[in-house]
Amino acid sequence: MKCSKCLQDAIFFQPYSGLHLCGQHIIADVEAKAKKVIRAHGWLKSRDHIAVLLFGDQGGSALLYFLKKLTEQRSDIRITALIITDKKSIGSNTLRAKHIAECLDTEFLEVSLSEESECGAGTLAAKNPEISSLPMFPTSDSILPDGIAQKHGITKIAWGLCLDDAAGVVLDHIIRGDGEKLVRNSSFGDAIIRICPFIAVTAAEISLYAELCGCGNEMTINPEPGDGLHKDVNDMLDHYTDNHPATKYALLNLGENLMGLTTGIAGLIYACECYGKYQQGICNDGSISIEVTNVAR
């Protein structure tokens with residue numbers, strides 16, 4: 001089968017578009033979707049310092065590669081890899097994350113979770129009780145270190161959330177009967193902006209993109225799903241999508257619409273974060289505290 005856009009051999013079929021794509025056009029398609037999302041939400045501005053969250057997973061690796069490529073000609077935008085560790089999880093994941101950052105010639109900020117730290121994700125909420133009560137505000141349940149981000153002049157935190165993640169969280173909330181958490185029109189106060197350029201790209205396409213770009217080798221893994229119900233929801237969604245290819249895009253749009261005009265995709269991102277798919281950074285008491293241990297380039 002030939003690529004739908006050129007005469008090269010196709011290596012991937014997009015069921016929702018009906019296109020067969022070669023490696024070159026898979027890369028172009030993924031990057032075009034990511035750029036469209038960035039433009040639509042104004043996620044890239046002059047003097048931005050963007051921290052890409054790395055757990056050693058494939059989504060984070062691909063996102064770091066993409067943002068480095070996108071901004072390589074821009075001296076007014078700084079890209080940093082943010083690696084979160086704790087005493088229990090230091091090991092292969094941390095080593096993978098550092099290896100990825102080094103391979104992409106990116107400075108990294110290693111942050112450790114410590115019970116005795118001066119900074120924490122709850123610091124922002126403590127300053128403003130009104131926003132701390134909002135269901136989607138990333139307070140102590142969040143693993144993303146707003147305090148450290150502010151301390152180091154980070155303006156945005158990027159993570160490799162993909163279409164499958166967003167669609168799965170929307171459906172999961174509905175099945176659990178807490179869909180009202182997706183309906184909100186409040187602001188996020190002083191929270192550092194989260195950006196997810198790959199939110200409209202499927203996990204399969206991100207995985208292939210990472211491999212084609214040289215950042216999807218044996219050093220890269222994907223995180224395991226959350227609890228049992230979340231895994232069942234994802235399995236059910238994947239099965240249903242086999243027969244209805246546009247389902248995940250429909251759920252992404254539904255989640256964004258439920259969030260309302262004032263929050264939209266930003267609210268859905270926070271919903272995914274607070275859902276806790278990546279829970280390896282949560283302390284035993286449910287709080288998160290941050291301590292910078294190393295800065296390298």
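The values are calculated or read from the model by the stated rules, or taken from the named source; none is laboratory data. Just so we're clear, the structure is a prediction, and the values are computed from it rather than from any experiment. Every residue, glycine among them, receives a Cβ derived from its backbone with ideal geometry; neighbour counts consider all protein chains shown.
What the table shows:
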{"item": "Evaluation of ASP48 against (1) of a type in the set (Asp, Glu); (2) under 28 Å from THR247 (Cβ atoms); (3) touching a Ser or Thr at 6+ places or on another chain (Cβ under 8 Å) (one fails), failing number", "result": "(2)"}
{"item": "Helices (runs of 4 or more DSSP H) wholly inside segment 46-133 containing at least 1 residues that are among the aliphatic types (A, V, I, L, M), at pLDDT below 90 and more than 20 Å from LEU212 (Cβ to Cβ)", "result": "92-103, 122-127, 129-132"}
{"item": "Where CYS22 falls short, out of the listed (1) at negative phi; (2) modelled with pLDDT under 95", "result": "(2)"}
{"item": "Positions within segment 14-44 being over 19 Å from the mean Cα position of the chain (by Cα) and either under 20 Å from ALA166 (Cα atoms) or surrounded by fewer than 17 Cβ atoms within 10 Å (Cβ to Cβ) (or both), in sequence order", "result": "GLN14, PRO15, TYR16, SER17, GLY18, LEU19, GLN24, ALA28"}
